[in-house]
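Engineer: Attaching a single structure in structure tokens format; questions to follow.
The values are calculated or read from the model by the stated rules, or taken from the named source; none is laboratory data. Nothing here was measured: the structure is a model prediction, and the numbers come from that model. Cβ sites come from the backbone with ideal geometry, for glycine too, and all protein chains shown count toward neighbours. For the accessible areas, the whole protein counts, side chains as well, though only heavy atoms, and no ligand, DNA or RNA atoms are used. Shrake-Rupley method; radii C 1.70, N 1.55, O 1.52, S 1.80 Å.
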Amino acid sequence: MKLLEERIAKDGKVLGNEILKVDSFLNHQIDPSMMKAMGKEFAKLFAEDGITRILTIEASGIAVAMMTALEMNLPMVFAKKSKSRNIGDDVFSAPVHSFTYDRDYIITVSRDYLSENDRVLLIDDFLANGEALRGLISLCSQAGATIGGIGICVEKGFQRGGKQIREMGYHVESLAIVDAMDENGITFREQ
Ligand code: 5GP
């Protein structure tokens with residue numbers, strides 16, 4: 001998606017060799033018009049996949065998942081990263097290793113919002129090693145839900161997640177794939 005690549009090239013900051021910081025429009029301050037454009041793109045890419053529900057993970061997946069859900073006229077659920085008392089114990093849960101924080105946490109979704117009748121579109125902001133997606137896939141499998149597709153804003157193609165998740169047979173669409181990055185610039189994969 002040209003618009004996203006241009007925005008990353010203009011505003012993205014590369015930290016070390018592995019972290020791309022896009023705090024000015026995706027991960028801290030949020031640009032609603034960019035979220036809307038990405039939501040429209042995901043809605044187009046997954047229009048034929050029979051999706052019934054969108055699932056993401058808090059916090060940075062929520063904005064783009066919300067815009068996708070609005071475009072597709074579907075409910076959107078986000079997995080919680082900490083167990084709050086108000087969703088109770090009737091939950092699906094899975095461990096996830098956080099790439100950015102380098103620690104493990106448990107994600108949960110209430111059994112009220114994921115079931116065997118669902119065909120789910122997973123949405124997330126970044127794909128690195130695929131840990132967050134594996135957690136979301138586990139929640140869906142516990143619920144007996146099928147996965148109709150996976151939509152990612154920024155995939156870091158030099159990390160292993162994208163290849164592994166595609167090898168598992170899922171339909172993955174990434175709006176921008178970064179093949180290399182350093183302080184001199186960012187190289188995007190031709191798609
Ligand atoms: P994974 O679980 O695929 O290893 O990493 C993806 C998750 O880690 C995403 O949910 C995202 O929040 C975070 N993440 C991974 N790499 C980056 C990065 O380069 N920049 C930012 N902002 N977040 C990242």
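Engineer: Anything in segment 132-144 that is on the phi < 0 side of the Ramachandran plot, surrounded by fewer than 21 Cβ atoms within 10 Å (Cβ to Cβ) and away from the ligand (no atom under 13 Å from the Cβ)? List them, or say none.
Structural biologist: If the condition is that a residue be on the phi < 0 side of the Ramachandran plot, surrounded by fewer than 21 Cβ atoms within 10 Å (Cβ to Cβ) and away from the ligand (no atom under 13 Å from the Cβ), then Ser141, Gln142, Ala143 are the ones that fit.
Engineer: Give the number of residues within segment 21-58 that are surrounded by 15 or more Cβ atoms within 10 Å (Cβ to Cβ), under 15 Å from the mean Cα position of the chain (by Cα) and not in a helix (DSSP H, G or I).
Structural biologist: Of the residues in that region, 7 qualify.
Engineer: Still on this model: Where the second residue is part of a helix (DSSP H, G or I) and open to solvent by 30 Å² or more (accessible area, probe 1.4 Å) and the first is over 21 Å from Ile177 (Cα atoms) and lies in segment 125-154, which pairs have Cβ atoms under 6 Å and are six or more apart or on separate chains?
Structural biologist: That search, which allows pairs on different chains as well, returns nothing.
Engineer: With the checklist (1) among the polar types (S, T, N, Q); (2) more than 27 Å from Lys44 (Cα to Cα); (3) open to solvent by 20 Å² or more (accessible area, probe 1.4 Å) in hand, flag the one item Asn129 doesn't pass.
Structural biologist: Condition not satisfied by Asn129: (2).
Engineer: If you check Leu3 against the conditions, is it under 17 Å from the mean Cα position of the chain (by Cα), more than 11 Å from the ligand (Cβ to nearest atom), more than 12 Å from Ile123 (Cα to Cα) and surrounded by fewer than 17 Cβ atoms within 10 Å (Cβ to Cβ)? Write out each step before concluding.
Structural biologist: On the way: under 17 Å from the mean Cα position of the chain (by Cα): no; more than 11 Å from the ligand (Cβ to nearest atom): yes; more than 12 Å from Ile123 (Cα to Cα): yes; surrounded by fewer than 17 Cβ atoms within 10 Å (Cβ to Cβ): yes.
The answer is no for Leu3.
Engineer: Only one residue in Arg160, Arg103, Arg119 is near the ligand (Cβ under 10 Å from one of its atoms) and surrounded by fewer than 17 Cβ atoms within 10 Å (Cβ to Cβ). Which one? Outline the logic, then answer.
Structural biologist: Values: Arg103 fails: near the ligand (Cβ under 10 Å from one of its atoms); Arg119 fails: near the ligand (Cβ under 10 Å from one of its atoms).
Just a single option satisfies the conditions, and that option is Arg160.
Engineer: Could you give me the residue pairs with C-beta distances under 8 Å whose first residue belongs to segment 7-21 and is within 16 Å of Gly157 (Cβ to Cβ), whose second residue is open to solvent by less than 50 Å² (accessible area, probe 1.4 Å) and in a helix (DSSP H, G or I) wherever it lies, and which are 6+ apart or on separate chains?
Structural biologist: Hits for this filter: Leu20/Ile8.
Engineer: With respect to Leu114, is the statement that it is touching a residue at least 24 places away in the same chain (Cβ under 8 Å) and under 21 Å from Leu20 (Cβ atoms) true? Walk me through it before giving the result.
Structural biologist: Working: touching a residue at least 24 places away in the same chain (Cβ under 8 Å): yes; under 21 Å from Leu20 (Cβ atoms): no.
It is false that Leu114 is touching a residue at least 24 places away in the same chain (Cβ under 8 Å) and under 21 Å from Leu20 (Cβ atoms).
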